[in-house]
Structure formats: C-alpha cells, structure tokens
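Enquirer: Just dropping this structure here.
The values are calculated or read from the model by the stated rules, or taken from the named source; none is laboratory data. Owing to the predicted nature of the structure, the values given are computational and were not obtained by experimental measurement. Glycine gets a Cβ as well: all are built from the backbone with ideal geometry, and neighbour counts include every protein chain shown.
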Amino acid sequence: MIVARTVQEVRQWIRERRWQGCSIGLVPTMGYLHEGHLSLVRAARARGHQVVMSIFVNPLQFGPREDFDRYPRDLDRDTALAAEAGVDLLFAPPVREMYPQEPVVTVKAGALAERLCGASRPGHFDGVVTVVAKLFHITQPDEAFFGEKDFQQLRIVQRMTADLNFPVEVVGCPTVREADGLAMSSRNQYLTAAQRAQAAALPRALAHARERCERDGERDARTLIREVSEELSSAGIKIDYVSVVRDDNLEPVEQIDRPCRLMAAVWVGQTRLIDNVAIDAAAAGANCPEHRGQHPEAAVPGVPLR
C-alpha cells in the first residue's frame, strides 16, 4: 500500500494506474477506521477496482461548537487497518494540503440539506459536498463508496454527482452494526459503558417500528414516529429528530405507500448518534393481515424482531 500526503502524489499514482488500464474505487473517510469503513473497501475490491481510501477530518463540515478538535484520530492504526483490508493507495493529507488558502468557491448542498441533520447542523453538508467534490477531482474515481448509515449524506452526494456531471457512480453500502444492532461509528468511542448500553435502544426502536409497518401493516408515519420517540424517551435518550421520508428525495411522508426511510438522530450524553432503516412499502402491503406470511421478515442486523 502506498501512503500519499499530497495531491501531486495521488495524481501521479492515478495517471500510472490509468495507463495500466485500471479502474479506481474511492472510499472517503475521516479515519478512526472500523468495520463499516473496511466493508466499503471490500465492496470496492469486489468490483475489481484499485482502491483509494482518503482519511481527512474535514474542518468545513464541523460547526463552531462541534467536535473537530477532539474527533478521534490515529493514523498509524488506520494505516495498518487499511493495508490489511487491501487498500492500494491511502491519501491522508494535512489540512493545509486540502485547503492551502481559505476557500472562497465552495459547493452548496441545497434543499436536500435543509432538513433532518441539516436543520441541526447548518453548513455541515456544504462542507461535505465541497470536500467530496475536491476528492473526486483529485482521485478521478470510477465509483465512490459510502455507507447508508448517513443516508442523507449518501443522497446529497448522489445528487451533487448528478447535478455537476461528475463521471462517478456513487455506491451506497449497507450499514455495518455491532452485535446489539448499534450502527458502527467512530463517535461510539465517546460513549461510556452505561451510555453504550443505553444507545442500543436506538436500533431497537427503529427495528420495532419497521416490524410494526412490515408485519402489522401500520402505514401511518406519524404513528411510527410517535412510537419510536416514546421508546427512545423511555430509555432516557434525548431526541434530535425522528422522521419518515421518501427513500429517493428525503421528502417527509404521511402514509408509507412507497420505499421510505425511517431516520433518527439522538443524543446519548454529549454524543450525537444517527441511524436509519428502510421501510419497504411492498413489504408493508404484503404483511397486512390479509396478506401476512407472503413476505419474508426484515430486521436490523443484530436486533431481534421479537
């Protein structure tokens, strides 16, 4: 594995691989790698790519009261994990390499970033799409791999890619979870043992709501939102939002009559966690009382439905 710290090094490596006829798969990360990140590497390798992983804690996507300075970093650990996973080029630039001067021209995420996490973190997704656009220009990937845990980010990056005509396919990959269902996140390491146990209520609540929809036939989004909120509150978790949105454009829905996402952001102590599950409108119809038994169960991995 090659470790590059400068844009020039990356571009030279890319030119050489293109000359050899290789395709490029990009896995953008902020480091402190976990199994979720490494699953993206495996997905890129499975599609035959030379894999470029970036590790860059992007200051543009952190607000003034957020955790940029304390965000976990361990480049030596990450380098070893990336090499073991099969990364071909690790791009780990310092801030001054990505932003040699204060950026004046940036990318705006638009209306998709005004709700859900964007309402709580104004400017966050502008910082995300700006750095992703820069990484696309630098690495020129054929495909880029993002986890579905941050589903809003995935849809925004996909829309930016389409709107700005980047010749990149943005691939969404399933959320990787701990044994109790908690979505893997670099921020999980902020949690105390007690908070870690408390946080497991988040995936449980989402799984229960999906069960209510897909098995019991509950299609009213407000009912599911209320039930999830009550379950989270009873676990002592502070809610940022719980919402049911269309899978394709993140618009809120009242009735689940199409593919949707049940999305939530919460605070456990001082740590903000996000998660989501797909709710399949077809599965909801198939599992209404008159059709029950004709559709397989759907569950959050690691979270029992019963």
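Enquirer: What's the number of the only condition in (1) modelled with pLDDT under 95; (2) under 23 Å from the mean Cα position of the chain (by Cα) that K238 fails to meet?
Expert: Against the list (1) modelled with pLDDT under 95; (2) under 23 Å from the mean Cα position of the chain (by Cα), K238 comes up short only on (1).
Residue-wise test of (1) under 22 Å from A205 (Cα atoms); (2) more than 16 Å from the chain's Cα centre (by Cα); (3) of a type in the set (S, T, N, Q); (4) surrounded by 23 or more Cβ atoms within 10 Å (Cβ to Cβ).
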| residue | (1), (2), (3), (4) |
| --- | --- |
| A113 | no, no, no, yes |
| R121 | no, no, no, no |
| F145 | no, no, no, yes |
| Q152 | yes, no, yes, yes |
| A162 | no, yes, no, no |
| P174 | yes, no, no, no |
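Enquirer: Restricting attention to segment 277-292, and to residues there that are surrounded by 22 or more Cβ atoms within 10 Å (Cβ to Cβ) and closer than 16 Å to P174 by Cα, which single residue is modelled with the highest pLDDT?
Expert: Once the filter is applied, the top-ranked residue is V277.
Enquirer: Could you identify the single residue in L262, L250 that is surrounded by 18 or more Cβ atoms within 10 Å (Cβ to Cβ), at positive phi and at pLDDT 95 or above?
Expert: Values: L262 fails: at positive phi.
Every option except L250 fails the conditions.
Enquirer: Turning to a different aspect of this structure: Hey, any hits in segment 238-246 for a residue that's in a helix (DSSP H, G or I), surrounded by 17 or more Cβ atoms within 10 Å (Cβ to Cβ) and either outside the structural domain of G36 (by TED's automatic domain parsing) or free of Cβ contacts under 8 Å to residues at least 24 places away in the same chain (or both)?
Expert: For segment 238-246, residues in a helix (DSSP H, G or I), surrounded by 17 or more Cβ atoms within 10 Å (Cβ to Cβ) and either outside the structural domain of G36 (by TED's automatic domain parsing) or free of Cβ contacts under 8 Å to residues at least 24 places away in the same chain (or both): absent.
Enquirer: Still on this structure, please answer the following. Test of understanding: among R210, R187, which residue is touching a strand residue (DSSP E or B) at 6+ places or on another chain (Cβ under 6 Å), in a helix (DSSP H, G or I), over 18 Å from C117 (Cα atoms) and touching a residue at least 60 places away in the same chain (Cβ under 8 Å)? Before you say what the answer is, go through the steps one by one.
Expert: Values: R187 fails: over 18 Å from C117 (Cα atoms).
None of the other options fit; the residue is R210.
Enquirer: Output the residues belonging to segment 10-24 that are in a helix (DSSP H, G or I), closer than 13 Å to P141 by Cα and not β-branched (V, I, T). Show your work before the answer.
Expert: Filtering segment 10-24 for residues in a helix (DSSP H, G or I) gives 10-19.
In the following step, the residues that additionally are closer than 13 Å to P141 by Cα were identified as 10-11, 13-15, 17-18.
Scanning segment 10-24 gives R11, W13, R15, R17, R18.
Enquirer: A follow-up question, please. Can you confirm whether segment 121-138 contains a residue that is touching a strand residue (DSSP E or B) at 6+ places or on another chain (Cβ under 7 Å) and in a loop (DSSP other than H, G, I, E, B)?
Expert: No, every residue in segment 121-138 fails to be touching a strand residue (DSSP E or B) at 6+ places or on another chain (Cβ under 7 Å) and in a loop (DSSP other than H, G, I, E, B).
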